[in-house]
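The values are calculated or read from the model by the stated rules, or taken from the named source; none is laboratory data. Since we're looking at a predicted model, the values are computed, not measured. All Cβ positions, glycine included, derive from the backbone under ideal geometry; neighbour counts span all protein chains shown. Keep in mind that these areas ignore ligands, DNA and RNA; they rest on the heavy atoms of the full protein, side chains included. Shrake-Rupley method; radii C 1.70, N 1.55, O 1.52, S 1.80 Å.
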Number of protein chains: 2
Amino acid sequence: MTYSIGEFSKIVGLSEHTLRFYEKEGLIKVNRNDNNVRIYSDENKLWIESLLHLKNTGMSLKDMKQFAMWGHIGDETMEERLALLKNHRKKVVEEFEKLRQSLEHLDNKIYFYENELGDCFSKK
Amino acid sequence: MTYSIGEFSKIVGLSEHTLRFYEKEGLIKVNRNDNNVRIYSDENKLWIESLLHLKNTGMSLKDMKQFAMWGHIGDETMEERLALLKNHRKKVVEEFEKLRQSLEHLDNKIYFYENELGDCFSKK
DNA sequence: CCTTGACTTAGAGTATACTCTAAGTATTAC
DNA sequence: GTAATACTTAGAGTATACTCTAAGTCAAGG
């Protein structure tokens with residue numbers, strides 16, 4: 001399957017502006033037809049979804065750019081990409097643990113407030 | 001125990017600039033001595049730590065401001081604060097799950113790269 | 001007495017990641 | 001043939017959360 005920028009925008013949940021911006025930044029390579037119109041493929045879709053996962057873990061555009069650039073070069077950059085991912089993973093695991101702790105703190109706070117207010121006020 | 005802004009800055013890991021900024025924004029109320037110098041207390045420390053937990057879970061300054069403002073008003077705003085926390089908790093749980101999934105994705109990616117590169121290249 | 005550390009207001013600067021506008025052209029679908 | 005959708009460059013605008021500078025004052029400690 002192939003998609004126009006408008007269709008692709010809806011599918012991946014990024015605005016056309018953002019898609020062009022990502023392309024300009026080198027995060028994604030997109031084929032064009034004879035009229036210079038962007039033709040997105042399912043491969044592009046997988047790549048964007050992968051990028052969004054990296055973004056979800058807090059990777060900066062700069063690092064995603066580097067990762068994409070290496071990806072476009074080819075197999076000889078696999079080690080670099082692996083190193084980047086492993087390095088990033090460390091930070092994510094730390095962040096994950098911090099978030100877990102802060103969520104626990106939040107739960108304790110909520111528990112405290114509910115006790116203070118008494119059962120009659122506590123909602124589902 | 002009480003602390004000057006310099007000491008407190010080191011203890012809580014926020015710059016003096018940021019501490020004054022947070023105060024100006026209404027996130028924290030600080031006592032002053034006769035010379036108008038900020039005197040931070042252990043209570044302030046607990047409060048800041050609480051705020052930083054909320055910040056860790058991605059709460060915006062705007063929401064923290066609202067929460068702090070209600071806190072300063074007193075007990076009659078407990079329900080509002082509880083509602084804000086519960087509402088925020090929902091978002092955090094979603095975010096947490098998203099992060100978990102993205103971390104899983106990252107692990108799969110790393111696993112894939114390590115297989116591609118072969119055992120001789122995989123580092124601890 | 002002078003260095004250190006505190007205070008003030010007001011506003012400028014930084015970084016990230018978009019987000020949009022302008023102004024003009026081109027192609028496709030009805 | 002006109003509306004919708006696409007394209008371009010170049011740059012301006014937005015939001016968040018700091019982060020710092022200027023320019024001046026003030027008070028305590030060695």
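Points worth noting:
- Multiplying each eigenvalue of the alpha-carbon gyration tensor of the protein assembly as shown by 5 and taking the square root yields semi-axes of 44, 22, 19 Å, largest first, rounded to whole angstroms.
- Taking 27 Å as the limit for the C-alpha separation, the pairs A:Lys62/B:Lys109; A:Lys29/A:Lys55; A:Lys65/B:Lys90; A:Lys98/B:Lys90; A:Lys86/B:Lys45; A:Lys86/B:Lys10 exceed it in the case of A:Lys65/B:Lys90; A:Lys86/B:Lys45; A:Lys86/B:Lys10.
- Cα-centred dipole magnitude for segment A:28-124, charges only on beta-carbon of K, R (+1) and D, E (-1), debye, nearest 20: 280
- Other-chain or far-sequence residues with amide H under 5 Å of A:Ile39's (modelled H): A:Asn31, A:Arg32, A:Asn33
- Distances between copies at A:Asn115, taken between label points 7 Å from Cα along the C-beta direction, are 4.9 nm in increasing order.
- Rounded to the nearest 10 Å², the accessible area of B:Arg20 at probe 1.4 Å: 90
- Probe 1.4 Å, protein heavy atoms only - accessible area per residue of segment B:2-121 in square angstrom: 60
- The residue of chain B whose Cβ sits closest to the rotation axis that maps B onto A, together with that distance in whole Å, is B:Leu99, 3.
- Cα extents of segment A:57-124 along the three principal axes, largest first (Å): 64, 17, 17
- Spread of Cα-to-Cα distances over 10 Å intervals beginning at zero, given as percent, for segment B:1-72: 20, 57, 22, 1
- Projected label points at A:Glu116 and A:Glu104, each 7 Å from Cα along the beta carbon direction, are separated by 2.2 nanometres.
- Residues A:Glu79 and B:Glu16, FRET efficiency given R0 of 51 Å [Cβ-Cβ distance, rounded to 0.05]: 0.70
- Plainly put, the tip 7 Å out from Cα toward Cβ on B:Ser60 is 2.4 nm from that tip on each other copy, the closest given first.
- Expressed in Å, the radius of gyration and Dmax of the Cα atoms of chain A are 21.0, 69.
- For segment A:53-117, the list of GluC sites (Glu not before Pro) that fall in a loop by DSSP and count at most 10 other C-beta atoms within 10 angstrom is empty.
- A Förster radius of 30 Å combined with the Cβ-Cβ distance from A:Glu97 to B:Lys62 puts the calculated FRET efficiency at roughly 0.65.
- Ranked from shortest, the separations from the 7 Å Cα-to-Cβ label point of A:Asn87 to its equivalents in the other copies are 4.1 nm.
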